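Notes follow the structure.
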Amino acid sequence: MSDRSFNPLRSLTSRGRRLHAAAPLPASSPADPSDPTSAARSAGLSLVDSAVYLDGDRIESPTTLADTYQALHQHEDAIAWIGLYRPDQHELASLASEFDLHELAVEDAIVAHQRPKLERYDDTLFVVLRAARYLDDVEEVEFGEVHLFVGPDFVITVRHSEAPDLSAVRRRLESNPDLLRLGPEAILYAILDRIVDGYAPVVAGLENDIDEIETEVFRGDPQVSRRIYELTREVIEFERATRPLAVVVRQLVAGFAKYRTDEELQRYLRDVDDHLTQVIEQVDAFRHLLRDILTVNATLVAQQQNEEMKALTESSLDQNEEVKRISAWAAILFAPTLIGTVYGMNFDHMPELHWQLGYPFAVLLMAVVSVGLFLVFKRRGWI
């Protein structure tokens with residue numbers, strides 16, 4: 001861009017260069033270009049990287065915010081990109097004073113835990129983005145958050161998590177001066193592109209997890225219900241990160257077109273929108289697929305329970321039949337035992353004791369009673 005104004009979603013009036021500098025902050029040691037975030041964190045600092053660019057080239061690498069302000073004042077058409085990792089209120093207050101940041105946006109950047117959104121405060125855009133990365137070792141999705149303040153001559157990125165790796169975005173832009181020359185809009189686009197590209201491994205990881213869950217469901221794994229629930233929560237969280245972002249990207253696309261931002265940059269941003277739309281469609285498909293898998297799992301569990309109940313019922317019926325048989329034979333054997341017990345009593349006044357046919361009569365009575373009981377139980381199906 002040639003007019004140094006920040007076009008998207010605002011008027012074309014350019015903010016004049018500030019004539020004051022904020023109170024200086026404690027000096028920071030230079031960040032390691034190979035891993036600036038780790039270096040800053042290990043040193044207990046929040047300033048990951050700060051650079052001043054002029055005509056697409058990096059001309060200054062300040063180590064403090066105060067030095068960044070000073071370098072920006074010294075170059076009329078320069079832009080500054082300040083990268084922060086979990087800054088404190090003092091640092092954000094200094095940035096707010098220097099770049100006229102709105103207090104509501106600064107408060108959101110401090111508190112974090114925001115949904116993806118785009119807000120315009122005069123000539124400054126405040127953008128909240130949510131990154132995601134798939135952790136193969138634990139098979140989980142980790143979500144990050146980055147806040148951007150984008151003005152006519154500055155970009156401030158505030159991260160509250162490891163993802164996304166903005167150092168890769170900075171290297172990409174610095175290796176492409178033609179793109180960086182387009183100004184803060186190009187930096188905003190590159191960060192958006194990085195975050196949306198980072199969704200692809202997450203989609204692949206979730207797809208692989210769903211395939212594994214389908215196998216576990218039909219294999220009858222008892223722990224699969226819990227995994228379905230946990231994966232459904234991750235998919236819902238992923239959807240919360242991507243669906244609102246589509247609104248943000250389309251607002252930027254409309255703003256880029258309205259204020260006639262570089263045509264090539266407009267095409268790049270539309271490409272980001274296309275990729276994001278594909279991700280949203282896949283995530284939506286995952287949510288429906290998990291719902292169907294949960295239904296199938298519930299059906300299979302119900303069928304398994306029915307089979308178990310059927311087996312228990314059949315076992316109970318078999319036990320009942322055995323009890324019937326035992327009871328029938330016990331009754332058959334009990335009758336002659338009772339008769340024999342009566343005849344075995346040593347009483348003198350029993351007619352059968354002195355009857356010649358008493359013994360055959362007793363035996364016959366036992367046989368008749370036993371056979372009678374046998375026939376009754378046989379007819380009832382107990383034997």
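Taking each residue as 0.36 nm, the span from residue 204 to residue 119 lengthens on full extension beyond its C-alpha to C-alpha distance by 27.4 nm.
At 20 °C and 1.002 mPa s, grab the translational diffusion coefficient of segment 168-268 from Stokes-Einstein with a Kirkwood Rh over Cα pairs, rounded to a whole number in µm² per second. For the chosen part, D equals 131 µm²/s. Given their separation in residues at 0.36 nm each and the Cα-Cα distance between them, residue 229 and residue 330 gain 30.7 nm when the chain is fully extended. In this simple spin-label model, placing a label point 7 Å from the Cα along the Cα-to-Cβ direction at both residue 304 and residue 322 gives a separation of 2.7 nm.
Since every read-out is calculated from the coordinates, none of them should be taken as a lab result. Given the structure is predicted, the values throughout are model-derived calculations rather than measurements. So basically every Cβ, Gly included, is an ideal-geometry build from the backbone, and we count neighbours across all protein chains shown.
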